[in-house]
Amino acid sequence: MFISFFFLVLLSFSPAEAKRQCHLRPKNNLVVTSLPSLPTPTSASVTGSSTTTSALPSRTPFSYGNNTIRGVNLGGWFVLEPWITPSIFENTDDDGIVDEFTLGQRTDFNASLEMLQNHWNTWITEDDFIAIAEAGLNHVRIPLGYWSVPMTSSDTNQSTSVDPYIPGAWPYLLRALNWAAAHNIHVIIDLHGAPGSQNGYDNSGQRTSNPQWAFSSQNISRTIDTMVFIAKEIGGMIDVLELMNEPAGFRSDTWASVTRQYFQDAYDAVRGAVGGGMRMMIGDAFLGVDDWDGFLTYPSGEGVIMDKHMYQIFSNLELSRSEDDHISFACNQIPDFVSYASSNIWTIIGEWSNAKTDCALWLNGRGTGARWDGSISPGSQSFGSCQGLTGDMSTFSDEYKTFLRRYWEVQTEIGERINGWIFWTWKAENADEWSYQRGLEGGWLPQDPTERLYPNICP
């Protein structure tokens, strides 16, 4: 049974941007017309009055380069990550399922599709967009896997097979774009998973020691076609298109070179397809922003944003820092980022968190322990117990919550001094130190993102 409903989206732009955006209207044939009727409707159910309004949602224009991006990632929604939703993986009763790739390989398609449809319908709802807006945030970044983009043979010369992935998230994404417009939230669509995996991490869809994206011209071409498809089909419903999340430039000079050429070619292809109105985002590929000096700057590029990710937890060196050392390290990044942003392209901190440890269950992959307590491998160094540093906030001490607030403030300070910041992530099942939602509930994050308890935290 299908319940039909229609989304009408009208985005607001400045006069100059409106002229450029004329070719970025969402196509009528891709506006969501139906979603599966699920057994347990929520407040954001397709039958709810809030999603079937006759009014055209609109939002305040955002002036990139002048206004500050303050946002949150909607992680674990359209690209599963075991540490964000461990229950999904535990419920398979199969330790070999470590990502979406193996989920598709090792489970019944129809049963997993039903599970995923329920997840897509309930993990993030319209109530979340309302709460995000009420928290003073103006952007969401939505990770998406290539397998969820419904290209046909008319959209690419490459294969359109997504096997073994389970597709079907696209209509739910379109519903989310409608919610964003209705609640004045701007949207970054981020290609988090590319064909062949761009980094081998489970958050790319496939956890593997041998990612293949950079070694296949077919993969690269298909990724470019995917970017063009998204820009053409929903470009008028989004604000920024991120060309790829975290390509592994550190793996070799070849990876770095291929990534650079891909960013250039994808930028050119999207510009050629939809013109100058679409803002695009690239990442530093773990190479540091200085490695991208002069890349896609005006006039060879326009409307481009650099997405820098900052975590201080994935090495023993970083974990050995004291709380004050974490704060100082963050402050010391500001001059380099400000210099790069002022002489190159708009720059944001597009992923970062409050976590000072890697203690969250399966953060390093399903079945893998933490560096912090030495459980990552036999004989590993231990920095202490994970008790009270992850999981439910009821175990968090007042002193720990104070640090979480200080750490949030110092990292937002970096973003405020350039072009903005996007916290990772809005919610997680069992890692409250990573959750913006739980931070608001627990009081260590402010309802007003410009509020400061430590206004001079960086000199």
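The values are calculated or read from the model by the stated rules, or taken from the named source; none is laboratory data. None of the values given here were measured: they were computed from a predicted structure. Cβ atoms come from the backbone with ideal geometry, glycine included; neighbour counts cover every protein chain shown.
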Unique match (being under 15 Å from Ile327 (Cβ atoms), crowded, with 17+ Cβ neighbours inside 10 Å and modelled with pLDDT of 95 or more) among Arg452, Arg405: Arg405
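Report whether or not Gly76 is within 19 Å of Asp358 (Cα to Cα) and in contact with a Ser or Thr (Cβ under 8 Å, 6 or more places away or on another chain).
Answer is yes for this residue.
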Failed item, numbered, when Asp307 is tested on (1) among the acidic types (Asp, Glu); (2) crowded, with 22+ Cβ neighbours inside 10 Å; (3) more than 23 Å from Pro195 (Cβ to Cβ): (3)
Some residue of the range 268-282 being outside any helix (DSSP H, G or I), touching a Ser or Thr at 6+ places or on another chain (Cβ under 6 Å) and more than 25 Å from Gln158 (Cα to Cα): no
Residue in the range 297-304 that is of a type outside the set (Gly, Ala, Ser) and within 23 Å of the chain's Cα centre (by Cα) present: yes
Condition broken by Phe403, with the remaining ones in (1) touching a Pro at 6+ places or on another chain (Cβ under 9 Å); (2) farther than 20 Å from Gly76 by Cβ satisfied: (1)
Single match in Thr402, Thr450, Thr412 (criterion: β-branched (Val, Ile, Thr), on the phi < 0 side of the Ramachandran plot, touching a residue at least 24 places away in the same chain (Cβ under 8 Å) and in a loop (DSSP other than H, G, I, E, B)): Thr450
Search result, residues across the range 225-265 that are out of contact with any strand residue (DSSP E or B) (no Cβ under 8 Å at 6 or more places or on another chain) and in a loop (DSSP other than H, G, I, E, B): Ala248, Ser252
Identity of the residue in the range 185-213, at positive phi and in contact with a helix residue (DSSP H, G or I) (Cβ under 8 Å, 6 or more places away or on another chain), that ends up surrounded by the most Cβ atoms within 10 Å (Cβ to Cβ): Gly205
Boolean, Asp291 is at pLDDT 95 or above and closer than 29 Å to Ile376 by Cα: no
